Amino acid sequence: MPAPEAVVFDAYGTLLDVNAAMAGHAERLGARWESLSAEWRSKQLEYTWVRSLTGAAHHEDFWLCTRDALDFVLARNRIDDRGLAKDLMEAYRTLPAYPEVPAMLEAVREQGIATAILSNGTPGMLEAALRASGLAPLIDEVLSVEEVGVFKPDPRVYRLATRQFGCPPDRLVFVSANAWDAQAAHACNMDVVRVDRTGSPDEYGLAAAEVAVLPDLSGLPDLLA
């Protein structure tokens, strides 16, 4: 892989551990906390896709989608605790990075490659998360879907990165833990790396397209080199 102009990262689930919010309140949630966390994430993404597909008039930012998804999950599981809901949302605002991420970002930047985030998150969410996780000094550009008013995987989102760096899409490497996100970036002609922390099956023909897969982000600098 030739050295790119920039590496563009998805944020939630790729750099930031989305399960950490509920993990931090596991005692209050009980033994089901992992399934509740997975349901929260699934419903959150469902809301973004439905709002994108039904048009600009139905756009609601990622913070509100995240809140609405949590409200649904707590109600469906008969958990009536507004204090817990408030604490979970605050925990989501300050998610930690995966352990290998800071060193990886430092190594990428030492290669003279810019780093960027391209995320569904609002600018405020991303600013808070990068500050809390300590990643802010290691990210050169932060791009939010709020600039175009539609969520991933709409192609307009990925064009934000090519516009920001003023280069063809194949001069960027896009990194995501979400197979659907990786597929969308590949369809926009970006080089793509998928992070698969759980050993999931191949999806969307990514293997046939020779999309690189890593078990975590520690190996990314070597891949780029």
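Entry remark, the range 18-45: residues being open to solvent by 10 Å² or more (accessible area, probe 1.4 Å) and either among the hydrophobic types (A, V, I, L, M, F, W, C) or within 23 Å of Glu60 (Cα to Cα) (or both) number 14 in total. Residues that are within 22 Å of Asn178 (Cα to Cα) and open to solvent by 50 Å² or more (accessible area, probe 1.4 Å) within the range 87-124 comprise Arg93, Thr94, Pro96, Pro99, Ala103, Pro123, listed in sequence order.
The residue of the range 65-75 that is nearest to the chain's Cα centre (by Cα), among those that are of a type in the set (D, E, K, R) and either surrounded by fewer than 16 Cβ atoms within 10 Å (Cβ to Cβ) or closer than 10 Å to Val150 by Cα (or both), is Asp68. The set of residues in the range 164-177 being buried (at least 21 other Cβ atoms within 10 Å of the Cβ) and closer than 19 Å to Phe151 by Cβ consists of Phe174, Val175, Ser176, Ala177. When we screen Ala85, Ala21, Ala3, Ala116 for residues that are touching a Leu at 6+ places or on another chain (Cβ under 9 Å), touching a residue at least 60 places away in the same chain (Cβ under 8 Å) and part of a helix (DSSP H, G or I), the only hit is Ala21. Of the listed requirements (1) in contact with a Leu (Cβ under 6 Å, 6 or more places away or on another chain); (2) within 16 Å of Leu95 (Cα to Cα), Val142 misses just one: (2).
Residues in the range 125-135 that are without any contact (Cβ under 8 Å) to a residue 60 or more places away in the chain and either touching a Phe, Trp or Tyr at 6+ places or on another chain (Cβ under 7 Å) or open to solvent by 50 Å² or more (accessible area, probe 1.4 Å) (or both): Glu127, Arg131, Ala132. Residues that are part of a loop (DSSP other than H, G, I, E, B) and of a type in the set (Val, Ile, Thr) were ranked within the range 149-207; the one that is nearest to Asp17 (Cα to Cα) is Thr198. Considering (1) in contact with a strand residue (DSSP E or B) (Cβ under 7 Å, 6 or more places away or on another chain); (2) open to solvent by 10 Å² or more (accessible area, probe 1.4 Å); (3) under 21 Å from Tyr204 (Cβ atoms), the lone condition that Pro153 does not fulfil carries the number (1).
Listed here are the residues, each with its yes/no results for (1) open to solvent by 50 Å² or more (accessible area, probe 1.4 Å); (2) under 18 Å from the mean Cα position of the chain (by Cα); (3) among the small types (Gly, Ala, Ser).
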{"position": "His186", "(1), (2), (3)": "yes, yes, no"}
{"position": "Asp191", "(1), (2), (3)": "yes, yes, no"}
{"position": "Val195", "(1), (2), (3)": "no, yes, no"}
{"position": "Thr198", "(1), (2), (3)": "yes, yes, no"}
{"position": "Asp202", "(1), (2), (3)": "yes, no, no"}
{"position": "Glu210", "(1), (2), (3)": "yes, no, no"}
{"position": "Gly219", "(1), (2), (3)": "no, no, yes"}
{"position": "Leu224", "(1), (2), (3)": "no, no, no"}
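Scanning the range 182-192 for residues that are out of contact with any Phe, Trp or Tyr (no Cβ under 8 Å at 6 or more places or on another chain) and more than 19 Å from Leu224 (Cβ to Cβ) yields a total of 1.
Within the range 169-197, residues that are of a type in the set (Lys, Arg) sit with their Cβ atoms under 6 Å from residues that are surrounded by 21 or more Cβ atoms within 10 Å (Cβ to Cβ) and in a helix (DSSP H, G or I), at 6+ positions apart or across chains, in these pairs: Arg194/Ala182. Scanning the range 46-64 for residues that are without any contact (Cβ under 8 Å) to a residue 40 or more places away in the chain and either of a type in the set (Val, Ile, Thr) or open to solvent by less than 70 Å² (accessible area, probe 1.4 Å) (or both) yields Tyr47, Val50, Thr54, Gly55, Glu60, Leu64.
The values are calculated or read from the model by the stated rules, or taken from the named source; none is laboratory data. All values reported here derive from a predicted model rather than from experimental measurement. All Cβ positions, even for glycine, are placed from backbone atoms using ideal geometry, and neighbour counts span all protein chains on display. Side chains are part of the model used for accessible areas, which takes the heavy atoms of the whole protein and leaves out ligands, DNA and RNA. Shrake-Rupley method; radii C 1.70, N 1.55, O 1.52, S 1.80 Å.
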